[in-house]
Amino acid sequence: MTTAIWWLRRDLRLTDNQALAAALAHADQVVPVFVLDPKLLQSQYVGEKRLAFLLGGLHALAADIAARGGCLIVRSGAPAQVLARLCQECAAVAIYAERDVSPYATARDAAVKEAVAAPLILTEGIAIRPPAAIVKQNGAPYTIFTPYSRRWRARPPMRRRDILSAPRTLRLDIHIDGETIPPQPSLPQLEVFPPGEAEAKARLDNFSKGEQAPIYVYAEDRNRPELEGTSQISPYLRFGMISSRAAAVAAYAAIESAPSAAARASADTWLNELIWRDFYLSILHHFPYVREGSFRRQYDAIAWQNDETLYAAWRAGLTGYPFIDAAMRQLATLGWMHNRARMAVASFLVKDLLIDWRWG
């Protein structure tokens, strides 16, 4: 009996998981593993709310896997070392994972390939269209959204048949030791954003299905932060509790079922936002330096004022500008901010306070 490792990263779901499907297609049984990577968990970008949401997602996924006869293995440490040991323990023929595009993910995967005897096989899944797939005719990457979007839309629409079903069974006939998933902290944020694949699917359905679906007034309502006019699935997309392809399928289905021309245009506006997400993943893939520097390098020479007092006020929502402060307090409470508010606070930071965007 052959065994493969399914290495979860930003794909905490069973439905439409290309790495899981590939592992099941090439091995008799699959060992699902999530590595609690200290470099990520101790990063300045991982606060208590993001960590709480991640842990909640792991608990939900572990229950879904257990219901199918399997077991989610959680271990702590450097991924290369953890996976090298795990491969020996279960005699894995391969490790399957969804490709990520961040500089850290690329370096991490290269280290795993060096350290582990079994091959690391990377599938797509982070984006709707793989970053390397939407390029100019000469193979060069797009740097402007509009032509990128045209090329993206020239591809066939995503259909429900493109979505991979969740496996009925994930039975594991060998015993593998793992750690107990840390408890999910009790935070107000998790009442508003309950983690897990089931919640992600319910949100997408509520947003996109039916003649009165919010997607059909999204184009206008998204501009009003006092309304719940957006899908609010961004945290779920971030951790892959729902696939971006599933979101695209919902958008295309809503466009085709729209009760009016205005509703159709509104649903298409939401699809356009998904294309923007793919575009930024493409930019990060082709130009990884944007993680730490300006896209146009000459702007790295901007002389920021970087007033720490103003920065502290901005962070705390105490600038005296009500809209900016409300948005920052929403972020502090929920770990999430309305999309129009994000634009405002980012612009305020760099253009009014003259503080380096990297501080933000």
(message) I need to check one value: relative contact order of region 15-146, counting alpha carbon pairs closer than 8 Å and at least 6 residues apart, in percent.
(response) 27 percent
(request) Please give the FRET efficiency for residue 143 paired with residue 68, using the beta carbon to beta carbon distance and R0 = 56 Å, rounded to the nearest 0.05. (result) 0.80
(message) Taking θ = phi - 60°, what integer Hz values does the Karplus form 6.51 cos²θ - 1.76 cosθ + 1.60 yield along region 161-170, in sequence order, with x for Gly and Pro?
(response) 5, 7, 8, 7, 6, 5, x, 6, 9, 9
(request) Between residue 265 and residue 290, take the C-beta separation as r, use R0 = 35 Å, and let me know the FRET efficiency to the nearest 0.05. (result) 0.65
(request) State the Kirkwood hydrodynamic radius of the chain in Å, one decimal place, computed from all pairs of distinct Cα atoms. (result) 22.1 Å
(request) State to the nearest 20 debye the size of the charge dipole of the chain about its Cα centre, where the only charges are +1 on K and R beta carbons and -1 on D and E beta carbons. (result) 880 debye
(request) Based solely on C-alpha atoms, express the radius of gyration and the Dmax of region 153-224 in angstrom. (result) 18.8, 54
(request) Would you mind checking which residues have amide H under 5 Å from residue 123's amide H? H placed 1.01 Å from N; only 5 or more apart, or other chain. (result) 97, 98, 99
(message) Which one, 80, 44, 19, projects farthest toward the positive side of the charge dipole computed for region 1-83 from Cβ point charges (K/R +1, D/E -1)?
(response) 44
(request) Report ³J(HN,Hα) in whole Hz for each residue of region 267-284, in order, from the Karplus equation J = 6.51 cos²θ - 1.76 cosθ + 1.60 where θ = phi - 60°; Gly and Pro get x. (result) 4, 5, 4, 5, 4, 4, 5, 5, 5, 4, 4, 4, 4, 5, 5, 5, 4, 5
(request) Just round it to a whole percent: the fraction of Cα-Cα distances in region 309-360 exceeding 14 Å. (result) 44 percent
(request) Would you work out which of 146, 55, 294 lies farthest towards the positive end of the dipole of the chain? Charges go on Cβ: Lys and Arg +1, Asp and Glu -1. (result) 146
(request) Collect residues whose amide H, placed 1.01 Å from N in the peptide plane, falls under 5 Å from the amide H of residue 31; neighbours closer than 5 in sequence don't count. (result) 4, 5, 6
(message) With only alpha-carbon pairs counted, each pair once and no self-pairs, how large is the Kirkwood hydrodynamic radius of region 121-189 in angstroms?
(response) 17.2 Å
(message) What are the ³J(HN,Hα) couplings of region 69-80, residue after residue, when phi is run through the Karplus curve with 6.51, -1.76, 1.60 and θ = phi - 60°? Round to Hz, x for glycine and proline.
(response) x, x, 8, 7, 8, 10, 9, 9, x, 5, x, 4
(request) Specify the angular offset, from 0 to 90 degrees and rounded to the nearest 10, of the alpha carbon long axis of helix 322-334 from the longest principal axis of the alpha carbons in the chain. (result) 10 degrees
(request) Identify the GluC sites (Glu not before Pro) of region 193-236 meeting these criteria: DSSP loop state and at most 14 other C-beta atoms within 10 Å of the C-beta. (result) 211, 226, 228
(message) Once you compute Rg and the Kirkwood Rh from C-alpha atoms, what is the Rg to Rh ratio for region 166-299?
(response) 1.07
(request) Can you tell me the relative contact order of the chain? Whole percent, Cα pairs under 8 Å, sequence separation 6 or more. (result) 20 percent
(request) For residue 13, enumerate residues with amide H under 5 Å from its amide H, sequence gap 5+ or separate chain, H modeled in the peptide plane. (result) none
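May I ask for the net charge around residue 305, where only other residues with Cβ less than 11 Å from the Cβ of residue 305 are counted and Lys, Arg are +1 while Asp, Glu are -1?
Working: positive: none; negative: 307, 308, 352, 356.
With Lys, Arg at +1 and Asp, Glu at -1, the net is -4.
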(request) Lys and Arg at +1, Asp and Glu at -1: add these up for the other residues within a Cβ distance under 13 Å of residue 137 and post the number. (result) +3
(message) For a protection proxy built on the mean count of beta-carbon atoms within 10 angstrom, sort 123-131, 138-146 highest first, please.
(response) 123-131, 138-146
(request) Take every Cα-Cα pair in region 47-204 and report what % of them are more than 29 Å apart. (result) 36 percent
(request) Write out the GluC sites (Glu not before Pro) in region 269-311 meeting two conditions: DSSP loop, and at most 10 other Cβ atoms within 10 Å of their Cβ. (result) 292
(message) Could you work out how much longer the chain between residue 273 and residue 256 gets when fully extended? Use 0.36 nm per residue separation minus the Cα distance between them, nm to one decimal.
(response) 4.4 nm
(request) Select from 338, 59, 175 the residue whose mean-square fluctuation is largest in a Gaussian network model of the chain (Cα-Cα springs shorter than 10 Å). (result) 175
(message) Quick check on packing: order 281-290, 40-49 by the mean number of other C-beta atoms within 10 Å, highest mean leading.
(response) 281-290, 40-49
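No value in this document is a laboratory result; all are computed from the given coordinates. Keep in mind it's a predicted model, so treat the numbers as computed, not measured. For neighbour counting, all protein chains shown are included, and Cβ atoms are generated from backbone atoms with ideal geometry for every residue, glycine included.
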